[in-house]
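Report on one structure; see the data block that follows.
The values are calculated or read from the model by the stated rules, or taken from the named source; none is laboratory data. What you see is a predicted model; the values in this text were computed from it and never measured. For neighbour counting, all protein chains shown are included, and Cβ atoms are generated from backbone atoms with ideal geometry for every residue, glycine included. Heads up: the accessible areas ignore ligands, DNA and RNA and are worked out on the full protein's heavy atoms, side chains in. Shrake-Rupley method; radii C 1.70, N 1.55, O 1.52, S 1.80 Å.
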Amino acid sequence: MGKKLIIANWKMNLTVNEASLYVHKLDKLVGKLKNTEVVLAPTMLALQPLNMQVQHHHFNLAVQNFYWRDSGAYTGEVSASQLRGIVQYGIIGHSERRHIFAERSKDIRSKVQAAVRNNITPVLCIGETAQERANKETSDVIRDQLVGGLANITSVEVGQIVIAYEPVWSIGTGKFASPRDVERAVKYIRRQIEHLFGKVAAENVRVLYGGSVNLDNAMSYLQTAGVNGLLIGESSLDVYAFAGIIKKCEDMPSLPVKRGK
Ligand code: PGA
């Protein structure tokens, strides 16, 4: 069934020192993990020092954003090729990037391709706004964002990436999606992947839920069919809450295996 994947997206929070202290504390709180892969997405500044630190622990790192060209005259940007070997994952197309920084499908698919090219697993974020939800356009938005984001990669590469379903109206709002809605959206995501890239890719792709996940509701998503893990913003800033979620995930009874005849 594979490990569950839990990603902490700290956004523009925590200094380098705070991030380092957090990693020490988290390690003490959760210990060695068997069933859960934990990924931390700190400020870009903390990636290099944390890379040394997490090697002694059992966490992986994600970058929150990067530029899609490998090098050149792009003042202020950091490329996936510069991040190669430092991070294992790259968050791409987060709604804050799409809406505050006006990232378009074109940018997003170039970043997915750049990540794959540089051995970084893309975590492609997709999801509808409140208005789109009210207009019953959720499926259309999901399909468009998948088609737009994945246009440049192969079916083998798609099978190795992560999709995070994050309804925009649920991010940082305390309004979370019902597990039923999440199940429906995740099924639809896999159906679209199957349609575009085939059955194997659809089975292999990992799909996360994100949006106001907290200690109280995390289990309901982890137990939702088709959900491989969580992308957590605000609740991940509190190391005790985040450790609590990881422990719940780690101790979750595995689903009964269906026996063949
Ligand atoms: P939230 O953020 O958990 O604070 O809603 C999730 C995200 O932005 O990935």
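A few notes on this one:
Results for (1) of a type in the set (A, V, I, L, M); (2) within 14 Å of the ligand (Cβ to nearest atom); (3) at negative phi; (4) outside any loop (DSSP other than H, G, I, E, B), shown as yes or no for each residue.
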{"residue": "Tyr209", "(1), (2), (3), (4)": "no, yes, yes, yes"}
{"residue": "Val213", "(1), (2), (3), (4)": "yes, yes, yes, no"}
{"residue": "Asp216", "(1), (2), (3), (4)": "no, yes, yes, no"}
{"residue": "Ser220", "(1), (2), (3), (4)": "no, no, yes, yes"}
{"residue": "Val227", "(1), (2), (3), (4)": "yes, no, yes, no"}
{"residue": "Ala243", "(1), (2), (3), (4)": "yes, no, yes, yes"}
{"residue": "Ile246", "(1), (2), (3), (4)": "yes, no, yes, yes"}
{"residue": "Pro253", "(1), (2), (3), (4)": "no, no, yes, no"}
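- Check on Gly172, within 23 Å of Leu40 (Cα to Cα), touching a helix residue (DSSP H, G or I) at 6+ places or on another chain (Cβ under 7 Å) and in contact (Cβ under 8 Å) with a residue 12 or more places away in the chain: yes
- Filter result for Gly148 (more than 16 Å from the ligand (Cβ to nearest atom), among the small types (Gly, Ala, Ser) and under 21 Å from Pro122 (Cβ atoms)): yes
- Of the residues making up region 157-188, those that are within 19 Å of Gly2 (Cβ to Cβ) and crowded, with 22+ Cβ neighbours inside 10 Å are Val158, Ile161, Val162, Ile163, Ala164, Tyr165, Val182, Val186.
- Test for Arg97: is it in a helix (DSSP H, G or I), at pLDDT 95 or above, surrounded by 14 or more Cβ atoms within 10 Å (Cβ to Cβ) and within 13 Å of the ligand (Cβ to nearest atom): yes
- Residues that are touching a residue at least 24 places away in the same chain (Cβ under 8 Å), surrounded by fewer than 20 Cβ atoms within 10 Å (Cβ to Cβ) and either more than 16 Å from Lys248 (Cβ to Cβ) or not hydroxyl-bearing (Ser, Thr, Tyr) (or both) within region 204-227 comprise Asn204, Asn214, Leu215, Asn217, Met219, Gln223, Ala225, Gly226, listed in sequence order.
- Candidates are the residues of region 189-203 that are over 19 Å from the mean Cα position of the chain (by Cα) and either free of Cβ contacts under 8 Å to residues at least 12 places away in the same chain or within 14 Å of Asp140 (Cα to Cα) (or both); the one that is least open to solvent (accessible area, probe 1.4 Å) is Glu194.
- Residue check, Gln55 loosely packed, with under 13 Cβ neighbours inside 10 Å and within 20 Å of Leu5 (Cβ to Cβ): yes
- Test: residue in region 144-162 that is under 14 Å from the mean Cα position of the chain (by Cα), more than 21 Å from Lys199 (Cα to Cα) and at pLDDT 95 or above: no
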